[in-house]
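Here the structure is laid out as structure tokens; the discussion comes afterwards.
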Amino acid sequence: MSVVESAMKRMWHRDLASDPTTHAWVLNLYRAGERHPQTVKDYFPHAHAPSAELAEKMRRHERDEERHTKMYTRAIEGLGELVIDLEGYDVFNEVIRDKTSASFAIADTDTADDKREKVAHFLAHAHFLEKRIARSLEFHVEACRLMRSDRVATVVESVLTDEIDHVAYTIDAARDLLTRKRAEEVIDLHRRGEAKANYAFSRHQVKTALSRFTAKLARSHKGAYALAGMIMLEAERRV
Ligand SMILES: [Fe+2]
Ligand SMILES: [Fe+2]
């Protein structure tokens, strides 16, 4: 990440954390990602994990995300704001899925090899998703501390600790399931999907914030965010 990009992200998270309405908006976005597995049938395919150890890791991962959903719910309520069940491009998982060609929905008719490959696809998908979230949460914790939003900072820090674990086990498990060559192909597919989704999601959120919270953002910051939106459009085309 360049110095300019990280400076922009710091400014973005500080601006959002400085006001309860915009702060709740970003927490609702994080919550939407945590809640996504509860709204679909193809996440955490532990029944098809080839080892009891991996099945247990996926079960624990699933429970963590359910707990995180509740933690964000309480944090938003603590700000005196509304909890909203977001959909579509407000859910980062949905954007990654939209930008990735592979499906990991397992059918009864799939062979054992098909199932193994789909579990690996799910884990690679989860890895890049979690990595992006962890990066965002690091910026967000820093902003919360600076803006004296310490209760939210404590929640986000706790979530971040779990996400770091999720980032690590998912990539190791995806590699273990496939041959080295196939694993790298699968991982690369999801890396590219996330890279595109990262720009598409951020651009969508910048556009939303500029239209919804125009009175809350400084004029000079709005100019910088609008420029960042244009740069992200170009960057997504080049992935
Ligand atoms: Fe989570
Ligand atoms: Fe996670």
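Each reported figure results from applying straightforward, stated rules to the coordinates on display, with no laboratory input. Since we're looking at a predicted model, the values are computed, not measured. Positions of Cβ are backbone-derived with ideal geometry, glycine not excepted, and every protein chain shown enters the neighbour counts.
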Task: Exceeding the 19 Å Cα-Cα cut-off - candidates K70/K131; K99/K181; K131/K196 - done: K70/K131; K99/K181
Task: Nearest-ten-degree value, helix 20-39 long axis tilted from longest Cα axis of the chain - done: 10
- [ ] Using only alpha carbons, build the gyration tensor for the chain and give me the equivalent ellipsoid semi-axes, biggest first, whole Å.
- [x] 32, 20, 15
Open item on the list: Taking the beta-carbon count within 10 Å as an exposure proxy, list H61, H125 from fewest neighbours to most.
Closed with: H61, H125
Open item on the list: If neighbour count is taken as other Cβ atoms inside 10 Å, put V167, V40 in order from fewest to most.
Closed with: V40, V167
Open item on the list: Quick check: residue separation of D85 and E66 times 0.36 nm, minus the Cα distance between them. What number comes out in nm?
Closed with: 5.4 nm
Task: the chain: angle of helix 180-212 to the longest principal axis, Cα-based, in degrees nearest 10 - done: 20
Task: Helix axis angle, 112-146 relative to the chain longest principal axis, alpha carbon, degrees - done: 20
- [ ] Between R191 and R10, take the C-beta separation as r, use R0 = 35 Å, and let me know the FRET efficiency to the nearest 0.05.
- [x] 0.90
- [ ] Report the full-extension gain for the segment T21 to L146: residue separation times 0.36 nm, less the Cα-Cα distance, to one decimal in nm.
- [x] 43.3 nm
Task: For K115, K41, order by how many other beta-carbon atoms lie within 10 Å, fewest first - done: K41, K115
